[in-house]
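**Student:** Quick one: this structure, given as structure tokens, is what I'll be asking you about.
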């Protein structure tokens with residue numbers, strides 16, 4: 001069923017909130033249940049809650065859901081702001097240099113910081129301070145959730161998640177090399193805290209584009225990331241050094257990607273543009289806030305090439321990984337595998353039975369995902385259009 005009118009109206013509502021001079025039109029016969037679910041899928045329902053007056057014909061129950069999302073967003077922002085201040089204060093006590101990343105910075109440029117949904121706090125630190133970071137966070141009631149090569153995850157019940165990054169990893173060799181020495185180019189962000197730093201606006205933008213490209217490759221991006229581009233263009237782009245940015249994006253193979261994302265944003269915000277004719281925009285709309293597992297699987301299949309033999313080989317490989325996850329992945333779900341790794345086959349059986357008991361039809365859908373030829377082709381076309389289909393980038 002064609003939902004182009006609903007998609008267009010979502011962008012109109014977003015413009016009404018994020019722009020100072022846009023008047024929302026009145027439209028009848030919109031599928032408001034679909035609109036709400038899609039906004040929630042993209043984690044922008046809290047932004048819609050900021051519409052000053054309830055749009056005519058919006059059902060009261062839907063309006064209340066958007067208002068509730070707004071209120072929850074405000075509470076989430078207060079909690080995250082407080083936690084970040086407490087973390088940075090504790091880091092200062094331990095002499096831990098730190099740099100907030102991504103949404104933690106960009107949210108300051110939204111009309112209200114709570115509009116930028118943050119699932120967690122992302123903070124860069126120096127690898128040599130790993131043990132001090134752990135000690136500092138444990139002192140303020142965080143627990144180690146998982147450790148990794150690029151970042152460690154800490155949680156505080158019932159709602160806080162903090163990702164401590166050792167490097168600004170973008171899965172792009174050129175950008176990863178550029179950001180390996182980011183500490184040499186950053187400056188102190190707060191005169192009252194000598195251990196908190198910030199990137200230059202140019203480096204921040206490069207990291208934002210690289211991070212978005214990584215998401216696009218491994219699952220897709222949604223409306224929320226497009227809005228980040230909109231906010232950056234409106235508030236910060238005038239102060240950028242485009243020569244520096246274009247040189248590094250070109251070197252990273254992402255200049256076409258940036259151009260296409262800018263064009264997509266322009267089209268989405270154009271009231272007269274026909275979204276239903278744009279496969280790339282529809283791909284983004286269907287990807288949600290963090291992309292989908294289907295897109296991720298399709299990308300894995302396409303990495304090795306799109307010849308029939310290679311696709312079949314990678315389908316079988318992906319299917320095996322779905323049915324038999326690796327030991328590290330199983331450790332998170334089944335604690336007994338941590339102590340007795342030889343029980344991994346038992347854990348596979350345990351997992352399979354649990355999945356079937358929980359929802360047999362959904363489990364079958366998951367198994368079938370690597371074999372959806374149409375979706376594989378759709379992902380391949382999307383990657384090609386934004387210039388991410390090249391082997392050196394993938």
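All of the numbers you see were taken from the coordinates with simple rules; none came from a lab. All of these numbers come straight from a predicted model, not from anything done at the bench. Using ideal geometry, Cβ is built from the backbone for each residue, glycine included, and neighbour counts are taken over all protein chains shown.
**Student:** If neighbour count is taken as other Cβ atoms inside 10 Å, put 203, 270 in order from fewest to most.
**Tutor:** Ordered from fewest to most neighbouring Cβ atoms within 10 Å, 203, 270 come out as 270, 203.
**Student:** Of the beta bridges DSSP finds with both residues in the chain, what % are antiparallel, to the nearest 5?
**Tutor:** So the antiparallel bridges amount to about 75 percent of the total.
**Student:** A further question follows. For residue 23 and residue 384, what is the calculated FRET efficiency with R₀ set at 22 Å and r taken between the beta-carbons, to the nearest 0.05? Can you show the working numbers first?
**Tutor:** Numbers: r = 38 Å, r/R0 = 1.73.
The formula returns an efficiency of 0.05 here.
**Student:** Roughly what % of Cα-Cα distances in the chain sit above 29 Å, to the whole percent? Can you show the working numbers first?
**Tutor:** Working: 39660 of 77421 pairs.
Tail of the P(r) past 29 Å holds 51 percent of the pairs.
**Student:** Rounded to a whole number, what is D in µm²/s for the stretch 193-244 from Stokes-Einstein with the Kirkwood radius over alpha-carbon pairs (37 °C, 0.692 mPa s)?
**Tutor:** Stokes-Einstein gives a translational diffusion coefficient of 266 µm²/s.
**Student:** While we're on this one: Summing -39500 (n - 2.57) over the DSSP H runs of n ≥ 4 in the chain and dividing by its residue number, what mean residue ellipticity at 222 nm do you reach, to the nearest 500 deg cm²/dmol?
**Tutor:** Helices in the chain give a 222 nm mean residue ellipticity of -17500 deg cm²/dmol.
**Student:** Shape of the stretch 233-280 from its Cα gyration tensor (a ≥ b ≥ c, root eigenvalues): rounded if a/c is under 1.5, otherwise prolate when a/b > b/c, or oblate? Don't jump to the answer; show the numbers that get you there.
**Tutor:** On the way: a/c = 5.20, a/b = 1.65, b/c = 3.15.
Oblate shape, in that a/c is at least 1.5 and b/c is the bigger or equal ratio.
**Student:** Of the DSSP beta bridges with both residues in the stretch 93-169, give the percent that are antiparallel, rounding to the nearest 5.
**Tutor:** 75
**Student:** For each of 285, 48, count neighbouring Cβ atoms within 10 Å of the residue's Cβ, then give the residues from fewest to most.
**Tutor:** Working: 285 22, 48 26.
In order of increasing Cβ crowding within 10 Å: 285, 48.
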